[in-house]
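Each remark here refers to the structure printed beneath this line.
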Amino acid sequence: MYLPQIFEESRLTVLHRLIRSHALGTFVVLHGTQLVANHLPFLLESGEGSYGTLRAHVARSNPLWRCLDAPVDALAVFQGPESYITPSWYPSKRADGKVVPTWNYAVVHAYGRPRAIEDPRWLLDHVTRLTDQQESQRPQPWRPADAPPDFIEQMITHIVGLEMPISRIEGKWKVSQNRKLADRLGVAAGLESSGTEVSSAVADLVMERVTPDA
């Protein structure tokens, strides 16, 4: 992706945190001469490999898992908080009017060579851990063990696992770093005043990168 240095985020802990908090990734692979995209919930194993390993699963009827032998990397895209930014939030608008709208966002691109996995034990462990990741904050978390064992065994036969060690990872945090401090503070205040959870999350990203000498 186009990644000016001012917007680059390279801290692996930060990149992994976004993947975990926005686990539904867009998974892009090359199938013949065409790009194919699927939207999959991922489980990240941060301690495996240099940049971590991504695991997911697809329906067995999905042809994706049969086309993972291309000698090129696949791409998983994880979209974090995003918001439109109006020029009205910039104090500099009142000074000279030389402002335009933009969009703030955080995104992670992870690359690697995926493989398909059909081992039932691997699949059961994967879906159990993926479910635990999403259910852990619920008052009464659901687990695969809550369903009849023969039903879970049958469901497992209808999916295929995917595993992709990350060979390259990029992060882009476009959160008004290219504006003067007053404009950045104006953006954060404007986002907070919007009163939505997403706009507040983008405001936090802006303020995380505001320094006194910005």
Tell me yes or no: at least one residue of the range 137-144 is closer than 26 Å to Phe27 by Cα and charged (D, E, K, R).
yes
Of the conditions (1) modelled with pLDDT of 95 or more; (2) among the hydrophobic types (A, V, I, L, M, F, W, C); (3) over 30 Å from Leu181 (Cβ atoms); (4) part of a strand (DSSP E or B), Leu35 fails just one. Which one is it?
(1)
Give all pairs with beta carbons closer than 7 Å in which a residue from the range 137-155 that is aliphatic (A, V, I, L, M) meets a residue that is surrounded by 10 or more Cβ atoms within 10 Å (Cβ to Cβ); count only pairs at least 6 apart in sequence or on separate chains.
Ile152/Pro144
Within the range 189-208, is even one residue closer than 30 Å to Ser61 by Cα, of a type outside the set (Ser, Thr, Tyr) and either surrounded by 13 or more Cβ atoms within 10 Å (Cβ to Cβ) or within 18 Å of the chain's Cα centre (by Cα) (or both)?
no
Scan the range 129-145 residue by residue and report those that are more than 12 Å from His57 (Cβ to Cβ) and surrounded by 13 or more Cβ atoms within 10 Å (Cβ to Cβ).
Asp132, Gln133, Gln134, Pro144
Of all the residues that make up the range 1-50, how many are among the polar types (S, T, N, Q), within 10 Å of the chain's Cα centre (by Cα) and exposed (fewer than 13 other Cβ atoms within 10 Å of the Cβ)?
1
In the range 155-198, anything in a loop (DSSP other than H, G, I, E, B), touching a strand residue (DSSP E or B) at 6+ places or on another chain (Cβ under 7 Å) and over 30 Å from Arg66 (Cβ atoms) is listed as Val175, Ser176
From the list His39, His126, exactly one residue is touching a Lys or Arg at 6+ places or on another chain (Cβ under 6 Å) and within 21 Å of His22 (Cα to Cα). Which is it?
His126
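Given the criteria touching a Pro at 6+ places or on another chain (Cβ under 8 Å), of a type in the set (A, V, I, L, M), free of Cβ contacts under 8 Å to residues at least 60 places away in the same chain and surrounded by fewer than 19 Cβ atoms within 10 Å (Cβ to Cβ), does Leu124 qualify?
yes
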In the range 2-32, how many residues are in a loop (DSSP other than H, G, I, E, B) and at pLDDT 95 or above?
8
Restricting the range 98-112 to residues that are aliphatic (A, V, I, L, M) and part of a strand (DSSP E or B), the residue that is surrounded by the fewest Cβ atoms within 10 Å (Cβ to Cβ)
Val107
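One line per residue, one yes/no per condition, for (1) at pLDDT 95 or above; (2) within 28 Å of the chain's Cα centre (by Cα); (3) among the aliphatic types (A, V, I, L, M):
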position: Pro81; (1), (2), (3): yes, yes, no
position: Thr86; (1), (2), (3): yes, yes, no
position: Trp89; (1), (2), (3): yes, yes, no
position: Gly97; (1), (2), (3): no, no, no
position: Arg113; (1), (2), (3): yes, yes, no
position: Pro120; (1), (2), (3): yes, yes, no
position: Leu123; (1), (2), (3): yes, yes, yes
position: Gln134; (1), (2), (3): no, yes, no
position: Arg143; (1), (2), (3): no, yes, no
Failed item, numbered, when Pro148 is tested on (1) loosely packed, with under 13 Cβ neighbours inside 10 Å; (2) closer than 24 Å to Asp69 by Cα; (3) of a type outside the set (S, T, N, Q)
(2)
Among the residues of the range 66-90, which ones are assigned to a strand (DSSP E or B), of a type in the set (Gly, Ala, Ser) and over 22 Å from Gly195 (Cβ atoms)?
Ala74, Ala76
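The values are calculated or read from the model by the stated rules, or taken from the named source; none is laboratory data. For clarity, every value in this text was computed on a predicted model and none was experimentally measured. Note that we place each Cβ from the backbone using ideal geometry, even for glycine, and neighbour counts take in every protein chain shown.
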